[in-house]
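S.K.: Here you go, one structure.
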Amino acid sequence: ENQYICYIDKLKWYMKEQLLELGESKSSLGTELVSSHPLQDSLSFIAKTANYSLKDYVIHAGGVDKMEIADATIFPDSGKVIVEKKAQIRTLENATVLTNNLTEYHIFKKASINIKGKNNYTGSGDYTYKDELNKEQTILFQKISVNEDKMTIASGSVEGEQPFKLGAKFSFKGGVNLTADDKYLTFD
């Protein structure tokens with residue numbers, strides 16, 4: 001139903017509850033879950049705990065420290081990942097996204113992320129911008145996605161009554177773009 005493979009060393013079947021506990025919860029490494037969905041490119045992640053409901057066919061994974069998707073590392077807020085039928089992963093709320101995995105230039109916080117496959121995710125999130133005086137301001141990137149080169153890109157805007165400062169001499173209103181391998185944002 002879920003189109004996931006689970007590599008386990010132990011299984012507990014709670015027959016009355018119609019629940020399977022996958023792996024041993026005391027195991028330090030955890031259980032690897034791998035998508036067999038043809039459009040998800042073998043998306044995989046490690047969960048310290050996992051169970052599978054035979055009532056609604058949902059996998060509840062816990063203790064998921066990170067998920068590597070495209071050029072980013074996504075850190076689920078609660079460590080919980082829920083996989084529904086047809087390999088559909090529920091939206092991760094309040095997640096942190098670090099991109100790219102090589103340069104680690106950019107971090108999104110309080111992100112809402114939809115994971116679609118090993119090389120594809122979308123969402124939105126807050127980005128902390130530091131100006132030349134090291135003053136921090138938050139930009140909401142409404143659209144975070146992956147381009148055809150499997151690189152994270154994002155776009156947002158700064159509007160409103162509170163002026164956004166690019167430094168001591170410049171205020172800004174308009175569009176803001178981010179490319180994961182570029183250390184600097186583009187302001188339009």
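The values are calculated or read from the model by the stated rules, or taken from the named source; none is laboratory data. Remember, it's a predicted structure, so these values are computed and weren't measured experimentally. Because the Cβ atoms are built from the backbone with ideal geometry, glycine has one as well, and the counts that use them run over all protein chains shown. Keep in mind that these areas ignore ligands, DNA and RNA; they rest on the heavy atoms of the full protein, side chains included. Shrake-Rupley method; radii C 1.70, N 1.55, O 1.52, S 1.80 Å.
S.K.: Could you please let me know if residue 14 is surrounded by 14 or more Cβ atoms within 10 Å (Cβ to Cβ), at negative phi and aromatic (Phe, Trp, Tyr)? Break it down stepwise before answering.
M.R.: On the way: surrounded by 14 or more Cβ atoms within 10 Å (Cβ to Cβ): no; at negative phi: yes; aromatic (Phe, Trp, Tyr): yes.
Answer is no for this residue.
S.K.: For segment 64-83: of the residues being among the small types (Gly, Ala, Ser) and more than 18 Å from residue 144 (Cα to Cα), which is most open to solvent (accessible area, probe 1.4 Å)?
M.R.: Step by step, filter segment 64-83, then rank; the result is 78.
S.K.: Could I ask something else about it? Please enumerate the residues belonging to segment 17-57 that are in contact with an Asp or Glu (Cβ under 7 Å, 6 or more places away or on another chain), within 30 Å of residue 147 (Cα to Cα) and either surrounded by 17 or more Cβ atoms within 10 Å (Cβ to Cβ) or among the basic types (Lys, Arg) (or both).
M.R.: 46 - this is the single residue of segment 17-57 that is in contact with an Asp or Glu (Cβ under 7 Å, 6 or more places away or on another chain), within 30 Å of residue 147 (Cα to Cα) and either surrounded by 17 or more Cβ atoms within 10 Å (Cβ to Cβ) or among the basic types (Lys, Arg) (or both).
S.K.: Contact list please: Cβ distance under 6 Å, first residue in segment 132-149 and aliphatic (A, V, I, L, M), second residue part of a loop (DSSP other than H, G, I, E, B), pairs at least six apart or on different chains.
M.R.: Taking only residues 6 or more apart or on different chains, the pairs are 146/70.
S.K.: Is it true that residue 181 is in a strand (DSSP E or B) and of a type in the set (Asp, Glu)? Write out each step before concluding.
M.R.: Details: in a strand (DSSP E or B): no; of a type in the set (Asp, Glu): yes.
Considered against the rule, which asks whether it is in a strand (DSSP E or B) and of a type in the set (Asp, Glu), residue 181 comes out as no.
S.K.: Filtering segment 94-138 down to residues that are β-branched (Val, Ile, Thr) and touching a Leu at 6+ places or on another chain (Cβ under 8 Å), which residue is farthest from residue 33 (Cα to Cα)?
M.R.: So the first thing to find is which residues in segment 94-138 are β-branched (Val, Ile, Thr), and the list is 96-97, 99, 103, 107, 113, 115, 122, 128, 138.
Checking the rest, the ones that are also touching a Leu at 6+ places or on another chain (Cβ under 8 Å) come to 107, 113, 115.
Working: 107: 26, 113: 19, 115: 14 Å.
Residue satisfying both the conditions and the ranking: 107.
S.K.: Separate question: Restricting to segment 151-174, and then to whatever is modelled with pLDDT of 95 or more and in contact with an Asp or Glu (Cβ under 7 Å, 6 or more places away or on another chain), can you tell me which residue is farthest from residue 107 (Cα to Cα)?
M.R.: So the residue we want is 151.
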